[in-house]
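What follows is a short report on a single structure.
The values are calculated or read from the model by the stated rules, or taken from the named source; none is laboratory data. None of the values given here were measured: they were computed from a predicted structure. Here Cβ is always computed from backbone atoms with ideal geometry, including for glycine, and neighbour counts include all displayed protein chains. SASA here: full protein model, heavy atoms, side chains in, ligands and nucleic acids out. Shrake-Rupley method; radii C 1.70, N 1.55, O 1.52, S 1.80 Å.
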Amino acid sequence: MNRFDGRRVLITGAGSGIGQATVHRILAEGGRVVAADIDTAGLRGTADRAAADGVGGRLETAALDIADEAAVRSGVAAAVERLGGLDVLVNAAGILRSSHTHETGLDFFNKIISVNLTGTFLMIRESLPALLAGRVPVIVNFSSTSASFAHPYMAAYAASKGGIQSMTHAIASEYGKQGLRAVCVAPGSIASNMTSGRGPGLPEDADMSLFVKLAPAIGQGFAGPETVAGVIAMLASEDGAFITGTEIRIDGGTHM
Ligand SMILES: NC(=O)c1ccc[n+]([C@@H]2O[C@H](COP(=O)([O-])OP(=O)(O)OC[C@H]3O[C@@H](n4cnc5c(N)ncnc54)[C@H](O)[C@@H]3O)[C@@H](O)[C@H]2O)c1
């Protein structure tokens, strides 16, 4: 399947997890990709795998902090120039931090909002002119099951993801007549650095009984990031042509 032949794609969070898996999926389907992340070591891993797969010639990497307005402005401009335009933006970059809400400091709260919500907004704002001049343009944003279902100790994260979901609906409406689609994926229980315990985990005294309803209903536990990458490839291709202003939950049925 070569649904991305000739398509020009910018992906954030591309040095790890779902963003990285999406880079490989879109390269495998013929796309040209600029892979952006704040983690340059992660980007090297992305590039090494693309080279090993024989598709490295269609990939470029870019160090980028999506929460830094000036960096996003110059980073998106450089990506558009390298690709010769832009057809697809995938906003996978994000952070997860957990804490008791009554102990959550403003810096902690603002950090999560500034990366997840404001960073996604900045990437969209700077990419829109090129996307609207592109071919069958699509934005894929990252919500989370936490946006619509209760996830304790994650008030800031859930708020950031709920904001992304609402923002996506507004953008889908605002630019739909110009041919732009905007959709969210809402993953849950996907194995990545974010969920492996290598990132900041739950409070030490977390009440784990609150998580019993978050167990996947299918499979043996968490799924790999490629399960989300496949859905993103569908959404950003012609197969998703009649899908906009909504979210697709990919969570193994944890929230049925
Ligand atoms: N794994 C899950 O179960 C799950 C569930 C719901 C939502 N998500 C969302 O999926 C997306 C991808 O997460 P993942 O699970 O692959 O986690 P991950 O930690 O493996 O990947 C996240 C990537 O984002 C990058 N990043 C973080 N801050 C950044 C910044 N300021 N600028 C640029 N890049 C930055 C990180 O370096 C990392 O490479 C995130 O938006 C996350 O919130 C994941």
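Sort PHE4, PHE211 by accessible area with a 1.4 Å probe, largest first.
Working: PHE4 0, PHE211 35 Å².
My answer, sorted largest first, is PHE211, PHE4.
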By accessible area (1.4 Å), largest first, ARG49, ARG7, ARG82 order as ARG49, ARG82, ARG7
Tilt, helix 40-52 to longest principal axis of the chain (alpha-carbon atoms), in degrees rounded to tens, equals 50
Whole-percent carbon and sulfur contribution to the accessible surface of the range 135-256 (1.4 Å, no ligands, DNA or RNA) stands at 58
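Given a cut-off of under 8 Å on Cα pairs at least six residues apart, what relative contact order in percent is computed for the range 180-226? Provide the component values of the computation, followed by the final result.
Values: 20 pairs, mean separation 26.5, N = 47.
So the answer I get is 56 percent.
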Computed over the chain: longest principal axis from alpha-carbon atoms vs helix 119-132 long axis, angle to nearest 10 degrees, is 20
Relative contact order as a percentage, the range 192-256, C-alpha pairs under 8 Å and 6+ apart, gives 44
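With a 1.4 Å probe and every protein chain left in place, work out the accessible area per residue of the chain in Å², rounded to a whole number. Show your work: numbers first, answer last.
Working: 11360 Å² over 256 residues.
Value for the chain: 44 Å² per residue.
Over the chain, what is the relative contact order in whole percent, taking alpha-carbon pairs under 8 Å and six or more residues apart?
Details: 520 pairs, mean separation 51.7, N = 256.
Relative contact order of the chain: 20 percent.
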Using a 1.4 Å probe on heavy atoms of the protein chains only, the accessible area for ASP107 in Å², nearest 10, reads 130
To the nearest 20 debye, the chain has a Cα-centred charge dipole, built from +1 on Lys and Arg Cβ and -1 on Asp and Glu Cβ, of 540
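May I ask you to compute the full-extension gain from HIS169 to ASP48, defined as 0.36 nm times their residue separation minus their alpha-carbon distance, rounded to one decimal in nm?
On the way: separation 121, 0.36 × 121 = 43.56 nm, distance 3.60 nm.
Length gained between HIS169 and ASP48: 40.0 nm.
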Among the range 35-72, those whose backbone N falls under 17 Å of a label point 7 Å along Cα→Cβ from PHE108 are none
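Accessible area of the range 53-120 with a 1.4 Å probe: how many percent of it is carbon plus sulfur? Mind showing how you got there, number by number?
On the way: 1630 of 3140 Å².
After summing per-atom areas, the C and S share lands at 52 percent.
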